[in-house]
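*Asks:* One structure, pasted below without further comment.
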Amino acid sequence: MPLDLYNTLTRTKERFAPFHPDRVGLYVCGPTVYDWAHLGNARPVVVFDVLYRLLRQLYPEPQWKVVYVRNITDVDDKIIAAAQAQGESIESVTARTTQAYHEDMAALNALPPDIEPRATAHIAQMQSLIARLMDSEHAYEAEGHVLFHVPSMADYGQLSRRNRDELIAGARVEVAPYKRDPADFVLWKPSTPEQPGWDSPWGRGRPGWHIECSAMSEAHLGETFDIHGGGLDLIFPHHENEIAQSRCAHGGAPLARVWMHNGFLSVNGEKMSKSLGNFLTVRELLAETPGEALRLTLLSAHYRQPLDFTRDGLRQSRQALDRWYTALRGVSDIAAASSPVPFDVLAALEDDLNTPMAISHLHELASALNKAETVGQKAEAKGALLAAGAALGVLAQSPEQWFQGSSGDRPGGAEESAAIEAQIAARQAARKARDFAAADAIRQALAGKGIVLEDGPSGTTWRREA
Ligand code: AMP
Ligand code: ZN
């Protein structure tokens, strides 16, 4: 079946065809590591993780290699400011934040990218790119800065489709007397002795933000690759400027063929963002909610649509997972038949990642599993539901783990589980000693904490009350 993706560059849904005969390249702009990720930051990660899973399904190894690159921006003025404010070294801020980011995204079942380049490890590539732009007169030096000269590119602005006034308004943050044109943007800027900096032909300095992604995508995916993604806010100026730098350095060759942008996650209709202060970090949400429920919530709207985050939406996702895991728990003793991604689910995802449609099919697959009668039917239906779940990156744990909520997503979850197990053992011992009052007291104490014990032929299991 064909894959159709909406291309921001052409504003149309297009049939996808890989640029290279044996590999598919995907580049997604990654985090600036100075603070914990909020749930809005997780939306592109989860959306493009579904795309990555789909591409790997459609272009399997060994004939194909899907190469997913997601960078880490570890040099940026926000990082410098955070390090200063916290009295911490820049290296410590970036290392600590990168580690937290990895943990948070793993808890959302996001697969790690194939390559995760760090900006500070690609300074030489950035300088090489800037030098080529200088040589071809697309860039100029002024007061220790190197700037990209926007009027030097005849077709600048194709991605954002902004007119000249909008371009200037958008670049206003960088208006400086040394700019030849108000729309020009920084490729390299000078550093004071206290600021991080690298020697360069233009003096000791550090890169602008946009050049980082042009250099890292060139280094790991070549001049032209298949898909470039990120949030809607990156279309201008970030992606527009990436295109300008890369195309002008590469004799006009396109940077990415398909540009994909996710819509915003909002809270009460406002974009979730650090500056508005209306954000919830992934970390704090994980303390109270399983990662799969957060992930499913992020996939509950089509990725190009806005998604308003509510507790009610989160509860619905949790209930959907409860339902699917209940169906799976009913067939714990039956091995799943190996299954491809069910047709309807694949077709939904191939239609520009229609995840809400895919989720509705998962409900149907769970119903089918509940209705299955013979062992063979159950094995097939279980396999189909699990394969569909894997395409969305959910149903990755056992039903036991899900109902106990101790999959490791919850900080302290493992310790809490161990404590509950100890209580169950104590109750067992009390029952053995025929001290039923004591055994009952333990059961009731756990019930008071929302822990339900279920006695079965093979012992006692526990789950959290829904
Ligand atoms: P930032 O740290 O602001 O550069 O954002 C990292 C990624 O998260 C970028 O791809 C942004 O477009 C994306 N992003 C930031 N805020 C939101 C939001 N509220 N909803 C969806 N995506 C967002
Ligand atoms: Zn980027």
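Bear in mind that the values in this text are calculations on the coordinates, not laboratory data. Computed from a prediction, not measured in an experiment: that's the story for all the values here. Because the Cβ atoms are built from the backbone with ideal geometry, glycine has one as well, and the counts that use them run over all protein chains shown.
*Asks:* Using helices alone, what [θ] at 222 nm do you get for the chain, with -39,500 (n - 2.57) per DSSP H run of 4 or more residues, divided over all residues and rounded to the nearest 500?
*Replies:* About -14000 deg cm²/dmol.
*Asks:* State, as an integer percentage, the relative contact order of the chain based on alpha-carbon contacts under 8 Å between residues 6 or more apart.
*Replies:* It rounds to 16 percent for the chain.
*Asks:* Please name which of F343, V331, S360 has its Cα lying farthest along the dipole of the range 326-385 towards the positive end, using unit charges on Cβ (Lys, Arg +1; Asp, Glu -1) and the Cα centre as origin.
*Replies:* V331
*Asks:* Sticking with this one: What's the longest piece of the chain with no exposed trypsin sites (Lys or Arg not before Pro), counting a site as exposed if DSSP puts it in a loop and it has at most 15 other beta carbons within 10 Å?
*Replies:* It works out to 12-160.
*Asks:* Within the chain, what is the number of lysine pairs with alpha carbons under 18 Å apart, leaving out pairs fewer than eight places apart on the same chain?
*Replies:* Taking the Cα cut-off of 18 Å, the pair count is 4.
*Asks:* Next up: Pick out, in residue order, every one of the GluC sites (Glu not before Pro) in the range 70-146 that is DSSP loop and has at most 14 other C-beta atoms within 10 Å; say none if there are none.
*Replies:* Counting only loop positions with at most 14 other Cβ atoms within 10 Å, the GluC sites (Glu not before Pro) in the range 70-146 are E88, E137, E143.
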